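Participant: Submitted below is the structure of interest, expressed as structure tokens.
The values are calculated or read from the model by the stated rules, or taken from the named source; none is laboratory data. Worth saying up front: this structure is predicted, and the values here are computed from it rather than measured. Ideal geometry is used to build each Cβ from the backbone, glycine not excepted, and the neighbour counts take in all protein chains shown.
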């Protein structure tokens, strides 16, 4: 696959317009539709051999609306005894950065308490739960995560991804892959987030290995 080539200013403008189009489509989805599509996506993820064999996963905690809900995979990963790493966004807004921190669950917790470990966490500006200040800091290092579940605004059939524009995941993935075999990247998306044609990309944009949609699984490699 050849990347869409354009100068940086062209790419920025193309991405801005594309984000507006995708956001308009996802905003049109009601709560029931998002819940149904989320369950369909997770059933396909659970069937992936790479998910079944993963001992540890990196997983985003979903926004209250407008994107796939991650509660179902959290429950499954905990039930299957997988280690879970969740994002914590840095406070440096001039150079946005992100770590994924390992979730440590107390063995004395009841099963229903374990699956709701994040419900009382503080929320960031996107209303996404983040690890509290008193949580043990166990950031992921290269090789710690067997499978990364990646969110995004939109994806194409060639593994292209467009995010919110801050580059959090692109930088994190590049850091985790330093000196190690590439960490498998499985993107998950609602139906309107699949883009026809190719997403304009820059050199730093990370390509997804697999894209899971409600009705299909796309292998880009």
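Participant: Those residues that are more than 16 Å from the chain's Cα centre (by Cα) and at pLDDT 95 or above, I need them from the range 177-216; list them, please.
Facilitator: 192, 195, 215, 216, listed by residue number.
Participant: Looking at the range 171-206, which of its residues are closer than 21 Å to residue 22 by Cα and surrounded by fewer than 17 Cβ atoms within 10 Å (Cβ to Cβ)?
Facilitator: If the condition is that a residue be closer than 21 Å to residue 22 by Cα and surrounded by fewer than 17 Cβ atoms within 10 Å (Cβ to Cβ), then 191, 196, 197, 198, 202 are the ones that fit.
Participant: Restricting attention to the range 207-221, report how many residues are out of contact with any helix residue (DSSP H, G or I) (no Cβ under 7 Å at 6 or more places or on another chain), buried (at least 20 other Cβ atoms within 10 Å of the Cβ) and in a strand (DSSP E or B).
Facilitator: The qualifying residues number 2.
Participant: Now a separate question. Does at least one position in the range 145-160 carry a residue that is at pLDDT 95 or above, farther than 28 Å from residue 36 by Cβ and assigned to a loop (DSSP other than H, G, I, E, B)?
Facilitator: Yes: the range 145-160 contains one or more residues that are at pLDDT 95 or above, farther than 28 Å from residue 36 by Cβ and assigned to a loop (DSSP other than H, G, I, E, B).
Participant: When you check residue 203 against the structure, is it within 19 Å of residue 15 (Cα to Cα) and in contact with a helix residue (DSSP H, G or I) (Cβ under 9 Å, 6 or more places away or on another chain), yes or no? Steps first, please.
Facilitator: On the way: within 19 Å of residue 15 (Cα to Cα): yes; in contact with a helix residue (DSSP H, G or I) (Cβ under 9 Å, 6 or more places away or on another chain): no.
No: the conditions fail for residue 203.
Participant: I need the full set of residues from the range 110-140 which are closer than 14 Å to residue 75 by Cα and either assigned to a loop (DSSP other than H, G, I, E, B) or touching a strand residue (DSSP E or B) at 6+ places or on another chain (Cβ under 9 Å) (or both), in order please.
Facilitator: 110, 115, 116, 117, 118, 119
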